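Okay, so here's the structure we're looking at.
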């Protein structure tokens, strides 16, 4: 139904083969896109580089989103090798454990600021870098969770952080729409990823989602990837600014 042949996609957030970003990268490549994949640091590289090689990724580079020097180098390589960018996928989030596991009202100012910077503002920074490389339009995507819109037990400070991410998505979509650049937030249901393992009693949330979702199936990284690949396609050019649940209908329940 759609084809990404010739498109150039930057995927930020692959940590291992259970990452949502990995599901998206794999789907982009399967539909014909060339991909660039980043890894967080030297400790992460041995897990990420073999995955990137599986896809024949043309660019594999380190990126800690707090490191502007690394971001400069990454985008310089994209410009030198590709000269443009069609798709940006941002799938990173972070909160210190003491802030994540405590009450929201007890979250430290430093911890809240750090979570917002890494989880939200980094998306805006990447969009700002990608924008001039999308003169004929493009697609920017991030990853949210239903805890942004309703209280999810043990999700803590990441609820307000993801709410900010969704608001940023809407504003960025409004600002970049005239340039043909769409902006989206993907919102999978509970998934067993490395990031989710830091949430207390997450297995109980997984079981509840599987039991209560109308489909009785948890979302997979392949489900998310397929949806992301569609949004990256030209067929989705007139879709922007939305949060897209990919959760078997779990989020429609009270």
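Which residues, taken from the stretch 239-254, are assigned to a loop (DSSP other than H, G, I, E, B), farther than 18 Å from residue 164 by Cα and touching a strand residue (DSSP E or B) at 6+ places or on another chain (Cβ under 8 Å)?
If the condition is that a residue be assigned to a loop (DSSP other than H, G, I, E, B), farther than 18 Å from residue 164 by Cα and touching a strand residue (DSSP E or B) at 6+ places or on another chain (Cβ under 8 Å), then 239, 247 are the ones that fit.
Need a quick list: helices (runs of 4 or more DSSP H) entirely within the stretch 111-223 having at least 3 residues that are modelled with pLDDT under 95 and surrounded by fewer than 22 Cβ atoms within 10 Å (Cβ to Cβ).
202-212
Which residue pairs have Cβ atoms under 7 Å apart, sit 6 or more places apart or on different chains, and have a first residue in the stretch 230-254 that is on the phi > 0 side of the Ramachandran plot and at pLDDT 95 or above and a second that is part of a helix (DSSP H, G or I) and buried (at least 16 other Cβ atoms within 10 Å of the Cβ)?
241/169; 241/173
Cβ-Cβ distance below 6 Å, separation of 6 or more or different chains: which pairs start in the stretch 129-153 with a residue that is in contact (Cβ under 8 Å) with a residue 12 or more places away in the chain and on the phi < 0 side of the Ramachandran plot and end on one that is surrounded by fewer than 17 Cβ atoms within 10 Å (Cβ to Cβ) and assigned to a loop (DSSP other than H, G, I, E, B)?
133/84
The values are calculated or read from the model by the stated rules, or taken from the named source; none is laboratory data. A quick note: this is a predicted structure, and the numbers were derived from the prediction, not measured. When we count neighbours, we look across all protein chains shown, and the Cβ atoms used for this are built from the backbone with ideal geometry, even at glycine.
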